[in-house]
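Where a number appears in this text, it was derived from the coordinates with a stated rule and is not lab data. These numbers were taken from a predicted model, which means no experiment stands behind them. No Cβ is skipped: glycine too gets one built from the backbone with ideal geometry, and neighbour counts run over all protein chains shown.
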Amino acid sequence: MMVDEGKGYGAHILAVPYPSQGHVNPMLQFCKRLVFKGAKATFAITNFVSKTMTPKSDTVSIDTISDGCDDGGFMQAENVADYLTRMEVAGSKSLQQLIRKYQDSNNPFDCIVYDAFLPWVLDVAEKYAVKGAAFFTQACAVNYVYYYAHHGLLTLPVSTPPPVELPGLPPLDLSDMPSFIYVHGSYPAYFEMVLSQFSNVEKADFVLVNTFYKLEEKVVDSMTKVCPLLTIGPTLPSLYLDNRVENDHNYDINLFQSDDSQLSTIINWLNTKPPASIVYIAFGSMDNLPKRQMEEIAWGLKNTNFDFLWTVRASAKEEKIPKILWKHRATRVCLYIGALNWRCCRIRQSVAFSRMVDGTRRLRH
């Protein structure tokens, strides 16, 4: 990237993520790489996130926009559909204000990288003659399935006898599809959101996908025929890849606060165990397992005779946590209530388990 000697950087990128942990992390890591390549990057978080934490990055500037729920974030909205509507209305207005603020400075934006969940950002970018780049957090295979569904090339609910064949992908059973496809009608607002990613993507100057070519060669080649696709993954801290970006050890923004008092207890417990002897269990920030399924997993883990550390979201109701976890707590089981940074556990190997959205397609692919 050529650096403008007058500005001291090659281009100024504004990044607008969808405000959930799994979308914030990849885009922020991409911004760090852009800065490493000579660009300037500004990362737009919501006012609510800005109020509830102190995000900081050594290389990426932080600014704010409104999602229409400045006092409570997503929980302030009545439901998913209400939140998305609020975010589009308030987000469009506050994003325009942000663009104008930087236009009046010496650092106007040259390009807006926006989460594909927020297609309205591209409309705002066009209004101000700023280039727009759609950022797809999910794998290319998942995006291509949604592309076909959005354009009516994949009939929903799927009635074609399996396997379903799409260009660039191996034959797919229904259970191989993203959960919004194979469980048609589940989470309709989210389903509409993943399809709306393609509502105006043909107008984007670039389409960035969080994958790498060798992982998904055939489907990348197929999708490149319908949009200006660039693979930019994997979006992980440099520490876990090539170590080329200095001091890039963390994701920097954690939307879920950790309990430091519990953390010290966990470290002490782990230090009493032999190396590589603990099973770590976490099901992320979105999915809610039924109580019965949690109990089945807990009994299965107990019967392995391995000690295990299970992190459960703070919002989980206590009665939903299997009794067996309480019974063996502090001996064979370490139960953490809240958000735990997996890096502190020094995990060596992992097994993916996903019931929703893109997980099943990722597992097979």
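Summing +1 for each Lys or Arg and -1 for each Asp or Glu, what net charge is found among the other residues whose Cβ lies under 15 Å from the Cβ of TRP120?
Surrounding charge for TRP120 is -2.
Treating only the Cβ atoms of Lys and Arg (+1) and Asp and Glu (-1) as charged, compute the dipole magnitude of region 12-240 about its Cα centre; round to the nearest 20 debye.
In debye, rounded to 20, region 12-240 gives about 720.
Within region 12-240, count lysine pairs with alpha carbon atoms under 18 angstrom apart where the residues are 8 or more positions apart or belong to different chains.
Taking the Cα cut-off of 18 Å, the pair count is 13.
Short version: ³J(HN,Hα) in whole Hz for each residue of region 99-106, in order, from phi by Karplus 6.51 cos²θ - 1.76 cosθ + 1.60 (θ = phi - 60°), x for Gly and Pro, what are they?
4, 5, 4, 7, 5, 7, 9, 8
Give the calculated FRET efficiency between SER199 and VAL279 to the nearest 0.05, with a Förster radius of 45 Å applied to their Cβ-Cβ distance. Please report the intermediate quantities before stating the final value.
Values: r = 42 Å, r/R0 = 0.94.
The value I calculate is 0.60.
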